[in-house]
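Visitor: Take a look at this one; I'll ask things after.
Bear in mind these aren't lab numbers, they're just calculated from the coordinates by the rules spelled out. Keep in mind that what you see is a predicted model, and the values were worked out from it rather than measured.
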């Protein structure tokens, strides 16, 4: 008889969908316009065109993060794709390893 194990702390799909919807709504606010007005990626600090700015959750939704103003930052697509669902410390360690190569 097999057992199905799951992470009790992991958010449910419905919770993640709700948080993504909150993020979509925040993208339409004056707050997000001001947050992205510099055109800088939060991570690499490179200047990016507004149409290429993505919204990233510092603490990823899949790891329990929420779509609130303290957890959302503008970033370039490259950094967002590389970061995936890394926690802030994991992301920092990843960047440090990349710098050593």
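Visitor: Pairing the Cα long axis of helix 13-26 with the longest principal axis of the chain, what angle in degrees results, from 0 to 90 and rounded to the nearest 10?
Guide: 10 degrees
Visitor: Still on this structure: Which one is right for this structure if log10 I(q)/I(0) by the Debye sum over Cα atoms at q = 0.10, 0.15, 0.17, 0.21 Å⁻¹ is calculated from it: [x] -0.75, -0.81, -0.92, -1.11; [y] -0.33, -0.67, -0.82, -1.12; [z] -0.51, -0.65, -0.74, -1.00?
Guide: Evaluating log10 I(q)/I(0) by the Debye sum over Cα atoms at q = 0.10, 0.15, 0.17, 0.21 Å⁻¹ on these atoms matches [y].
Visitor: How much mean residue ellipticity at 222 nm does the chain get from its helices, if each DSSP H run of length 4 or more adds -39500 (n - 2.57) and you divide by all residues, to the nearest 500 deg cm²/dmol?
Guide: -12000 deg cm²/dmol
Visitor: Report, to the nearest 10°, how far helix 88-100 tilts away from the longest principal axis of the Cα atoms in the chain, using its own Cα long axis and a range of 0 to 90°.
Guide: 60 degrees
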